[in-house]
Each structure stands twice: as structure tokens, then as C-alpha cells.
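Structure record follows, encoded as C-alpha cells.
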Amino acid sequence: MGLNGQIPRCEHIDRCPVVEHGPPECRACLALGQSWTWLLVCLSCGWVACSDDSRGGHAKAHYQETDHPVVAALEPSSTWRWCYVHRRNV
């Protein structure tokens with residue numbers, strides 16, 4: 001537990017390199033002719049894929065294939081980050 005009841009900092013976010021992300025599209029959804037609701041970017045490699053809210057859930061599939069733990073919303077003003085290992089916002 002952190003100070004004042006805060007949850008501990010996720011060590012995975014501390015290990016993320018600075019990466020450039022791919023184009024703002026989910027390639028897997030495009031190949032299947034599907035649309036997405038929200039795009040996420042992998043903070044380990046920059047791969048862009050659809051969120052779990054989308055039909056394909058390709059960002060989570062990318063985590064399961066690569067063990068890259070943290071994704072971020074692909075929106076310029078967003079600070080939202082998710083750690084698949086801890087299953088929580090970071």
C-alpha cells in the first residue's frame with residue numbers, strides 16, 4: 001500500500017520506453033472488415049490496436065502474444081493508461 005491508502009505505483013509503467021506509435025487504425029480489424037470503438041497504443045512497441053470494448057479486442061490479444069504490459073489511449077489529450085498484468089489503471 002502506498003502513502004495515505006494509495007495503491008502502489010506500477011513498475012511496468014516505469015519500464016516503458018519512449019516509442020512512436022503506428023498509424024491510428026487497428027490493422028487486424030481492417031483485415032476482418034470490422035470497425036473499432038476505441039484505439040490503444042502499446043507503450044512497449046507502439047503497436048496500435050482496438051480496445052476490449054471493440055469487437056476484436058486486439059490490444060489485449062497483442063498483450064497475450066507479446067507480454068507487453070501497458071497500453072495507453074490513442075487520444076492526444078488522454079492520460080489514461082492500463083496495465084494488463086495488474087488489471088488496473090496506472
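No lab work stands behind these numbers, since they all come straight from the coordinates. Everything quoted here is computed from the prediction, not taken from an experiment. Note that we place each Cβ from the backbone using ideal geometry, even for glycine, and neighbour counts take in every protein chain shown.
Regarding His12, is this residue within 14 Å of the chain's Cα centre (by Cα), in contact (Cβ under 8 Å) with a residue 24 or more places away in the chain and outside any helix (DSSP H, G or I)?
no
What do you reckon, is Gly22 in a loop (DSSP other than H, G, I, E, B), surrounded by fewer than 15 Cβ atoms within 10 Å (Cβ to Cβ), within 14 Å of the chain's Cα centre (by Cα) and small (Gly, Ala, Ser)?
Numbers: in a loop (DSSP other than H, G, I, E, B): yes; surrounded by fewer than 15 Cβ atoms within 10 Å (Cβ to Cβ): no; within 14 Å of the chain's Cα centre (by Cα): yes; small (Gly, Ala, Ser): yes.
Here the answer is no, as Gly22 does not meet what is asked.
Search the range 72-90 for residues being of a type in the set (A, V, I, L, M) and part of a loop (DSSP other than H, G, I, E, B), and hand back the single one that is surrounded by the fewest Cβ atoms within 10 Å (Cβ to Cβ).
That would be Val85.
Sort out which residues of the range 45-65 are within 18 Å of Val18 (Cβ to Cβ), surrounded by fewer than 19 Cβ atoms within 10 Å (Cβ to Cβ) and touching a Ser or Thr at 6+ places or on another chain (Cβ under 9 Å), and write them in order of number.
If the condition is that a residue be within 18 Å of Val18 (Cβ to Cβ), surrounded by fewer than 19 Cβ atoms within 10 Å (Cβ to Cβ) and touching a Ser or Thr at 6+ places or on another chain (Cβ under 9 Å), then Cys45 is the only one that fits.
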